[in-house]
Amino acid sequence: MNRVFQARIAWYQYFLLFVLGANAVGALWVKMALIALLFMLVLVVVIEQIVHTSYTITAEGTLVVCTGRFSKKKIIPLKDIRTIRRGHSMKFGRFSVTSYLLIEYGQGKVVSVMPKKEDEFIEYLKKKREHCQLKK
């Protein structure tokens with residue numbers, strides 16, 4: 001059975017939505033329709049990417065990182081995962097701006113993920129990796 005983990009929305013994604021929306025409204029306000037249309041199209045792409053980002057651990061032993069309909073899925077075999085580390089973008093004392101999980105796989109390849117339930121994601125991923133290794 002596949003297990004799907006939804007992505008957490010970071011503060012900077014909300015900020016990007018606000019800036020794009022404000023620019024679209026501002027462009028409409030000054031009657032620059034083409035620029036407003038451009039901002040609205042980018043806004044739709046960003047909203048779609050935020051809403052449809054998910055991380056699926058399949059029964060076949062793969063991690064599928066899907067970042068929306070307009071981008072290519074990353075399919076990572078669980079047996080190729082080397083390390084899972086917690087990362088922080090910038091720290092000010094104990095406070096970090098953004099936290100994420102950094103998954104290293106293959107020959108020096110990395111992918112960062114931000115699932116809503118990080119601890120549950122890590123535990124399930126480790127459990128599935130052990131299960132896949134025992135099958136061999």
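The values are calculated or read from the model by the stated rules, or taken from the named source; none is laboratory data. Remember, predicted model here, so these are calculated numbers, not experimental data. Heads up, the Cβs are rebuilt from the backbone with ideal geometry, glycines too, and the neighbour counts pull from every protein chain shown. In case anyone asks, the SASA skips ligands and DNA or RNA and just uses the protein heavy atoms, side chains included. Shrake-Rupley method; radii C 1.70, N 1.55, O 1.52, S 1.80 Å.
Observations on the structure shown:
- Picking from residues in the range 49-86 that are of a type in the set (S, T, N, Q) and either in contact (Cβ under 8 Å) with a residue 24 or more places away in the chain or assigned to a strand (DSSP E or B) (or both), the one that is surrounded by the most Cβ atoms within 10 Å (Cβ to Cβ) is Thr53.
- Qualifying residues in the range 90-121 (those that are assigned to a loop (DSSP other than H, G, I, E, B) and farther than 17 Å from Cys66 by Cα) - the one nearest to the chain's Cα centre (by Cα): Thr98
- On the stretch given as the range 94-116, residues that are exposed (fewer than 13 other Cβ atoms within 10 Å of the Cβ) and modelled with pLDDT under 90 total 6.
- Pairs, first within 18 Å of Thr56 (Cβ to Cβ) in the range 93-113, second open to solvent by 50 Å² or more (accessible area, probe 1.4 Å) and acidic (Asp, Glu), C-beta under 9 Å, six or more apart: Tyr105/Asp80
- Selection from the range 3-55 of residues that are among the charged types (D, E, K, R) and more than 15 Å from Arg69 (Cα to Cα): Arg3, Arg8, Lys31
- Considering the range 36-47, and only residues there that are open to solvent by less than 70 Å² (accessible area, probe 1.4 Å) and among the β-branched types (Val, Ile, Thr), the residue that is nearest to Leu17 (Cα to Cα) turns out to be Val46.
- Any hit, the range 32-46, residues being over 27 Å from Leu125 (Cα atoms), in contact with a helix residue (DSSP H, G or I) (Cβ under 8 Å, 6 or more places away or on another chain), in contact (Cβ under 8 Å) with a residue 24 or more places away in the chain and of a type in the set (A, V, I, L, M): yes
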